[in-house]
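Below: one structure, written as structure tokens.
FYI, it's all coordinate maths here, none of it is from the lab. Fair warning: this is a prediction, and the values are worked out from it, not measured in the lab. Neighbour counts are summed over all protein chains in view; Cβ atoms, including those assigned to glycine, are modelled from backbone coordinates with ideal geometry.
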Amino acid sequence: MAHHLNYNEQTDKYSFFTVKEKAWHKLGQVIEDYPTSAEAIIHAGLDYTVEKRPLFTANGADMAQFRNPDADDYFDQIQPDIIVPDYFANVRTDTEDVLGLVGKDYTIVQNIDAFSFFDSIVGGADGVLYETAGALGKGERIFITAKLPDYIRVAREDCIEKYLFLTTSHDGYGSIMAAFTPIRVVCQNTLNAALKHSTNCIKIRHTSSAQDRLKQAHQLLGISNLLANELEEVFNHWARIPITDNLVKRLVQIAMAPNKETLQHLHSDQQDQLSTMYNNVVSKVMEYALSSPTQQDESTRGTLYGAYNAVTGYFQNVRNYKDDETKFKCIMDGIGAQRSQTAFNLCLEFAQSGAGSIN
């Protein structure tokens with residue numbers, strides 16, 4: 001099940017909603033009008049709570065029989081009088097599914113509180129629209145996206161939509177994450193660029209202070225429109241800077257380098273020491289840069305902006321993934337995000353210092 005959406009047997013529905021158009025997996029609820037947060041949490045099947053329950057182990061029962069859950073007296077044998085100290089199970093109360101094991105300092109952020117936090121970011125802003133929300137697995141991870149008004153416009157034809165994205169989990173792994181995410185309209189190419197001295201993402205640990213930090217986090221994300229304006233200015237500047245194919249390849253080679261050893265080989269011109277896998281990746285990025293239809297806009301072709309889009313476009317449109325969840329993680333917070341950030345920084349340096357910055 002590549003989509004990994006939660007299926008609730010009690011409601012016979014997938015925990016997901018989208019507005020107007022079906023998602024690629026064709027699952028979940030499609031609604032016609034943009035919902036309020038209170039409506040969105042119901043449409044997405046996220047109106048459940050999670051409890052942190054203590055862990056126990058059985059006492060000295062006949063373990064051979066204890067291991068057989070089909071035995072008539074199986075549950076009679078389980079005498080949970082031995083507590084596992086400092087560890088707890090996060091349990092979804094409507095299905096009794098265990099979503100993860102956590103420590104004593106872990107603080108649950110309920111789904112409704114996550115939505116309330118999102119409301120504190122976007123509440124009252126004209127034109128902000130809740131577009132999708134859902135749960136993955138047994139409900140251990142939830143996500144919400146809201147579309148911001150207006151676009152980032154680059155050159156004549158390239159428009160980039162602006163989104164806020166929030167995800168949190170109940171499995172004990174990862175943080176609460178809220179991010180500003182531009183998404184390219186033409187090819188749905190997620191750009192994960194962060195400007196120097198700014199941030200497009202905040203992460204909050206599930207600790208006792210999580211609730212207090214959630215109340216303040218919207219202030220940090222208030223930079224989203226400022227960041228979008230800065231990105232628009234930067235991208236349009238890049239769209240006016242020409243770059244040769246040879247320099248694009250050099251930029252791609254550096255951005256896609258998997259380790260310091262590869263960079264050393266590049267800077268010492270020891271091309272014969274580069275791995276075949278790495279060279280193949282560089283070739284695929286270059287092929288995308290030079291021949292992809294989304295790269296052929298005359299106003300951005302052969303420009304620094306086009307070179308940057310070659311790297312981000314590779315991870316969205318060329319690289320193969322085992323499933324869409326893996327793709328999402330790669331682009332948002334994995335190798336795709338890291339390589340795209342490196343490309344972004346290289347382009348900034350090129351724009352300021354010229355070709356010498358990447359040689």
Give the calculated FRET efficiency between D86 and Y321 to the nearest 0.05, with a Förster radius of 41 Å applied to their Cβ-Cβ distance. 0.65
Total formal charge among the other residues, if their Cβ is under 15 angstrom from that of N229, Lys/Arg +1 and Asp/Glu -1: -3
Extension gain S275-L263, at 0.36 nm per residue separation less the Cα-Cα distance, in nm? 3.1 nm
Charged-residue dipole, Cβ positions (Lys, Arg, Asp, Glu), the range 239-358 about Cα centre, Debye nearest 20: 60 debye
Tabulate in residue order the Karplus-calculated ³J(HN,Hα) for the range 274-291, using 6.51 cos²θ - 1.76 cosθ + 1.60 with θ = phi - 60°, rounded to whole Hz; enter x for Gly and Pro. 6, 6, 4, 4, 5, 4, 5, 5, 4, 4, 5, 5, 5, 4, 5, 4, 9, 10
Rg/Rh of the range 239-358 (Cα atoms, Kirkwood Rh), to two decimals, equals 0.95
Provide the net charge surrounding M286, with neighbours chosen by a C-beta distance below 15 Å and charges set as Lys +1, Arg +1, Asp -1, Glu -1. +4
Can you sort I358, I82 from fewest to most other Cβ atoms within 10 Å of each residue's own Cβ? I82, I358
